[in-house]
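Taking it in order: structure first as structure tokens, then the write-up.
The values are calculated or read from the model by the stated rules, or taken from the named source; none is laboratory data. Bear in mind that the values here come from a model prediction, so they are computed numbers and not experimental data. Glycine also receives a Cβ, built like all others from the backbone with ideal geometry; neighbour counts cover every protein chain displayed. In case anyone asks, the SASA skips ligands and DNA or RNA and just uses the protein heavy atoms, side chains included. Shrake-Rupley method; radii C 1.70, N 1.55, O 1.52, S 1.80 Å.
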Amino acid sequence: MVDDVVGGSAPTLGLVRRARRINRTLAATYPDARCELDFTTPLELLVATVLSAQCTDKRVNLVTPALFARFPDAQAYAGASLAEVEDLVRSTGFFRPKSRALVGIGAALLERFDGQVPGRLEDLVSLPGVGRKTANVVLGDAFGVPGITVDTHVGRLVRRWGWTTSEDPVRVEREIGQLVERHEWTLLSHRVIFHGRRVCFARRPACGACPLAALCPSYGIGETDPQTAQAMVKTG
């Protein structure tokens, strides 16, 4: 399997087939895979995703109800007191830069997009504090535009699977896109994130309980005893 790893050229047919088998297995394993941030509008998802940097989705979901109620639209964020925003998002960590980004996003949306979150990647990444990862989350889950979200889980797992050897998120995104059908990109991202949070942990993956064991070139780097591994698996 190792010789199938993506390099600078097009992926081999063997790697494409294995990647799609992995995606199908993940789809069967996590039929409810989804964005775990709570939102009802594109703006709410954009805000929640900005807050999720270096923070758990669960923590963000505890913070956003009060934030969304206080700042329901771009105009509210643009006119917000930075101190008030900081107070509301403090527990998400890095609250000062996140707060500046939210106020800046509100102003940018008013100035350039009539107060509405744009549905194009090039427009989204022009907003303060918004990179490709955040943009792809918003595109995929708020607008139905396929996108690959390369967060820490996705990057770690696709390197373990031999889909890429790169640490560069943009290159990783491109190389994943060569392997899996475009219409699957958004759900694939969610499935990989679910698997990374529940089974394929950073320090000690639960290899012995992994549904991808037969497909994974990195099998054995974690716990291989089935019973011990199963006890490690997280269910929520």
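Of the residues making up region 35-80, just one is open to solvent by 30 Å² or more (accessible area, probe 1.4 Å), aliphatic (A, V, I, L, M) and not in a helix (DSSP H, G or I), namely 53.
Condition test on residue 81, is it among the hydroxyl-bearing types (Ser, Thr, Tyr) and free of Cβ contacts under 8 Å to residues at least 24 places away in the same chain?
On the way: among the hydroxyl-bearing types (Ser, Thr, Tyr): yes; free of Cβ contacts under 8 Å to residues at least 24 places away in the same chain: yes.
Yes, satisfied.
For region 10-34, residues that are touching a residue at least 12 places away in the same chain (Cβ under 8 Å), more than 17 Å from the chain's Cα centre (by Cα), surrounded by fewer than 17 Cβ atoms within 10 Å (Cβ to Cβ) and not in a helix (DSSP H, G or I) total 1.
Would you mind listing the helices (runs of 4 or more DSSP H) fully within region 84-149 where at least 1 residues are under 11 Å from residue 49 (Cβ atoms) and open to solvent by 30 Å² or more (accessible area, probe 1.4 Å)?
Values: elements: 95-112, 121-124, 132-142.
Those helices (runs of 4 or more DSSP H) span 132-142.
For the residues 213, 209, 229, 202, the requirement of being of a type outside the set (Lys, Arg) and free of Cβ contacts under 8 Å to residues at least 12 places away in the same chain singles out 213. Among the residues of region 128-138, those identified as without any contact (Cβ under 8 Å) to a residue 40 or more places away in the chain and in contact with a helix residue (DSSP H, G or I) (Cβ under 6 Å, 6 or more places away or on another chain) are 128, 135. Pairing residues of region 59-78 that are modelled with pLDDT of 95 or more with residues that are open to solvent by less than 30 Å² (accessible area, probe 1.4 Å) and assigned to a loop (DSSP other than H, G, I, E, B), at Cβ distances under 7 Å and at least 6 apart in sequence or on separate chains, gives 60/37; 60/52; 61/37; 71/80; 73/115; 74/115; 75/115; 77/71. Looking at (1) among the aromatic types (Phe, Trp, Tyr); (2) touching a residue at least 40 places away in the same chain (Cβ under 8 Å); (3) open to solvent by 30 Å² or more (accessible area, probe 1.4 Å), find the lone condition where residue 161 falls short. The single condition residue 161 does not satisfy is (3).
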